[in-house]
Each structure stands twice: as C-alpha cells, then as structure tokens.
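In what follows, a structure is listed as structure tokens, so that the remarks can point back to it.
Please treat every number below as a calculation from the coordinates, not as lab data. What you are looking at is a predicted structure, and each value in this text was computed from that prediction instead of being measured. Here the Cβ positions follow ideal geometry from the backbone for every residue, glycine too, while neighbour counts run over all protein chains shown.
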C-alpha cells in the first residue's frame, strides 16, 4: 500500500546511500494509453513520487495496472517552495525521486522547475521519461507553420499585464503557443483581436486526447465569436500565427501613421514606436524622427500667416 504523505511532508521517504536521481515523467494529457512503458516502470520502481495531484496519480496507476511501491507526496504550486528542500534531501540520501504533473512534462507551466534547478545546483543527476506535450500536440493539429514557434505559457491574469504582453508579441514572426483558462479565454481573445488584428489565423485546442477533444480553427475574430457563443470548457491551448512579413514602405508619413493607429488602439506611445520599428524593419530612431517631422510640419502650418 503506497504511503500518501499529503500535507505532512516527506520525512518518511526511505533513504539509501549516495546521491539519487531526479526523473521527470511525461504524463498523458488525457488518454492513459499514451503513457510510455518507461513512465509506467518508473512509477512502479521510484522511491518517491512527487505528484501534482495524488488522486490523479493513483487513477493513472490503476489504469496502467501499476503497483506503486514508493512513497507518494503531493507537489503542486501551493507547496512547491516548501517541499523542494525536503525532496532534495531525499535525493542526497540516494532516493530515486520521480515528478509527475496532471498532464505533459513537469516544469512546463507546471510544478518541477524549482526542484530541477535545486538538483542541478547540488550536482544531482536529472533525467526524464518523456511523454505527451500539449504544446507540440496543439501546434501539430493547428495547421499553422511549425518550423519555428515560441511557447509563451499562460498569459498574465491581470488585464493590464496581459495587454502589455500582447503588445510586445504583436510583431512576433514565429507561431505562438499559449495556455489559457476557460474563465479568461473570452477576455484574452478580445485582447488578441485588439493587438494582433481580427484577421490573424489561430487555432483553439481543448481537451486534447480526451473524449471531447476539439480544435477550432479560423481568424481571431471568428474564434472570439465562437468563444462568446459557445464558451469552451476544459484545458485550452491556443496557437496563433506569427506576424506576417512586412513589405510596406518606410516613408516617414507611413511610420507616423502606424504609430498613430496603435495609439488609437490603446497602445502607449513608447510601445507603439517599438512595434512600428519592428513592423517596418527600421531603427527606432527613424520612427522618432518621423514623429518629430510630423510635429514640425503641423507647427509650421499653424504658424503660417493667413
């Protein structure tokens, strides 16, 4: 019978001599059949299993017909800071410590990074039994370019911070992969339309590999309508096309107009200048000079005698 320490810590984890090894386990996103044989073996053999959700771990073990012989302890965002030193002590004592989250790889927008960093700093071996990834699964299903992409994780919870982040990403040329929650997806989609434009292509993937898996593809404006009419449930991964290459001219009047358009959309002047510089592939100084020239032209026309 496995020992679930719950909130009582990991002091009863069995010790051996010599340094142990930290093993990151790639958990299935939904379908237990996606679990690799190596993950199943590690669940059976590990001295310690640090699980984001111990109940989900036990369900997975039952689905795989695996008997857990080691100690099970909860390891999630709320106790990660406290539990990391204790797990590190077990590693120093020679334990094989496995980390598993609710789905995908530990550390990728999930618990695990603190322990990985601590183990590396302590000279303890860190390895992984790879498994499914919501990032690459959604990317492959999206139909958007996969040759170059960036993962941005969860967008900030606060609206002002989220909009600031999207301002910075508006001219990112690579395909972007984001995580979002069901209760924030509509607000996030609305901000994406504002900062990326309504015609940017995207794919909203939910409940990947599960019974109710769904992939919605279309423009950001179309996806915003869909989440308004039919709010998605479950875990959401959003894939957004990168900013298209710019073939526009870089005349001073064009630069000034681009800045004015962004400011009208609510972007602050400094960010608007930076985005315009990236969009037209010109130095930021060129954008500044264009704004100064426009201001001088206006002053000259105002001062001209009638």
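Against the longest principal axis of the chain, how steep is helix 80-92, in degrees 0 to 90 to the nearest 10, with axes from Cα atoms? The angle comes out near 50 degrees. With respect to the chain, whose longest principal axis is taken over its alpha-carbon atoms, helix 252-264 is tilted by about 60°.
Extending 7 Å from the Cα toward the beta-carbon at both residue 174 and residue 55 defines two label points whose distance is 3.8 nm.
Work out how much length residue 140 to residue 282 would gain on full extension: take 0.36 nm times their residue separation and subtract the Cα-Cα distance, in nm to one decimal. Display every interim value, and only then the final one.
Numbers: separation 142, 0.36 × 142 = 51.12 nm, distance 3.32 nm.
Contour length minus the Cα-Cα distance gives 47.8 nm.
Using a Förster radius of 45 Å, what is the FRET efficiency between residue 125 and residue 289 based on their Cβ-Cβ separation? Nearest 0.05, please.
Numbers: r = 55 Å, r/R0 = 1.23.
About 0.20, to the nearest 0.05.
Roughly what angle does helix 185-196 make with the longest principal axis of the chain, taking Cα atoms, 0 to 90 degrees, to the nearest 10? Once rounded, one gets 40 degrees. Computing Kirkwood radius over Cα pairs in Å for the structure here picks out one of (i) 20.1; (ii) 21.0; (iii) 22.2, namely (iii). Applying 0.36 nm per residue to the separation of residue 76 and residue 214 and subtracting their alpha-carbon distance, the gain on full extension is 46.9 nm.
In what order do 146, 205 fall by count of nearby beta-carbon atoms within 10 Å, going from fewest to most? Write out the running numbers ahead of the final one.
Details: 146 12, 205 24.
Ordered by Cβ neighbours within 10 Å, fewest first: 146, 205.
List 147, 110 from most exposed to least, where exposure is judged by having the fewest other Cβ atoms within 10 Å. Let's see the in-between values first.
On the way: 147 6, 110 20.
So the residues, fewest neighbours to most, are 147, 110.
Residue separation of residue 199 and residue 154 scaled by 0.36 nm, minus their Cα-Cα distance, works out to 14.0 nm of gained length.
Considering only DSSP beta bridges where both residues belong to segment 3-132, give the percentage that are antiparallel (nearest 5). Present the calculation step by step, with values, prior to reporting the outcome.
On the way: 1 of 21 bridges.
Taking every DSSP beta bridge with both residues in segment 3-132, the antiparallel ones total about 5 percent.
With r defined as the distance between the Cβ atoms of residue 93 and residue 63 and R0 fixed at 35 Å, what FRET efficiency is calculated, to the nearest 0.05? The computed FRET efficiency comes out at 0.65. Projected label points at residue 117 and residue 38, each 7 Å from Cα along the beta carbon direction, are separated by 2.6 nanometres. Per-residue Cβ neighbour counts within 10 Å put 124, 49 in the sequence 124, 49, beginning with the fewest.
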